[in-house]
Amino acid sequence: MKTEITGWHVLAIFGLAFGVIITVNLTLAVNAVRTFPGLEVDNSYVASQKFDTDRDAQIALGWDVSADLDGNDLVLRIVQNGTPIAPMIEEAIFGRATSVQQDQTPEFSFINGALRARVEGGEGNWNLRLKARAPDGTLFQQRVIVRTDQ
């Protein structure tokens, strides 16, 4: 016995196919919005007006900044002209690159030429969003990619 495909069958196939596509798109959109960490600045136009001046001031400091994760120790090295320094940390947020759910605020101590703090880390992509103040008052802002050797 042959079954004939009618207009209702075609309509059901199209409805089911588009229903799957729309469901997948909505699921992905909801998850993207839920995990988005937010804006970097409130008003990008205002921030852009002094970006070049701020960047030039940071470059003039001559700081070389790197961060490593050694077990549960976050090791932040700030070197100026070959000498490790410990500037005033105004804000430091350690977390994943794509989500704010695991963000932590480390409390640094200057030990053996590096700033160290205990954090709950692990494998994967981690960032340190750093705001430090130089002795001359210059604000240093940088997102530092944290290297993991795990």
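Annotation: amide H-H contacts under 5 Å for Gln102 (H modelled 1.01 Å from N, sequence separation of 5 or more, or interchain): Arg96. Relative contact order of region 14-150: 23 percent, from C-alpha pairs under 8 Å at least 6 residues apart in sequence. Across the accessible surface of the chain, with the other protein chains kept in place and a 1.4 Å probe, carbon and sulfur atoms take up 57 percent.
Amide H to amide H distances under 5 Å link Val146 with Trp126, Asn127, Leu128, where only residues 5 or more positions off or on other chains count and H is placed in the peptide plane. Relative to the Cα centre, the charge distribution of the chain, modelled as +1 at Lys and Arg Cβ and -1 at Asp and Glu Cβ, gives a dipole magnitude of about 320 debye. Of the Cα atoms belonging to the chain, the radius of gyration and Dmax stand at 24.4, 89 Å. For region 106-122, putting each phi into the Karplus relation 6.51 cos²θ - 1.76 cosθ + 1.60 with θ = phi - 60° gives couplings of x, 9, 8, 10, 7, 10, 6, x, 9, 8, 10, 8, 7, 9, 9, x, x Hz, in residue order, rounded to whole numbers and with x for Gly and Pro. In region 55-94, Rg over Rh equals 1.00, where Rg is the alpha-carbon radius of gyration and Rh the Kirkwood radius from pairwise Cα distances. What are the ³J(HN,Hα) values, in whole Hz, obtained from phi via the Karplus relation 6.51 cos²θ - 1.76 cosθ + 1.60 with θ = phi - 60°, for each residue of region 84-100 in sequence order, with x given for Gly and Pro? Residue by residue, region 84-100 yields x, 10, 10, x, 6, 8, 7, 7, 9, 10, 9, x, 6, 6, 10, 8, 9 Hz.
In the full protein context, region 42-81 carries 64 Å² of accessible surface per residue, based on a 1.4 Å probe and ignoring ligands, DNA and RNA.
Per residue, the chain reaches -10000 deg cm²/dmol at 222 nm when only DSSP H runs of four or more residues are counted, each adding -39500 (n - 2.57). Selection among Ile22, Ala12, Ala60 by position relative to the dipole of region 1-82 gives Ala12 as farthest towards the positive end (Cβ unit charges, Cα centre).
The values are calculated or read from the model by the stated rules, or taken from the named source; none is laboratory data. Computed from a predicted model, the values in this text were never measured in an experiment. Because the Cβ atoms are built from the backbone with ideal geometry, glycine has one as well, and the counts that use them run over all protein chains shown. The accessibility values were calculated without ligands, DNA or RNA, using every heavy atom of the protein model including side chains. Shrake-Rupley method; radii C 1.70, N 1.55, O 1.52, S 1.80 Å.
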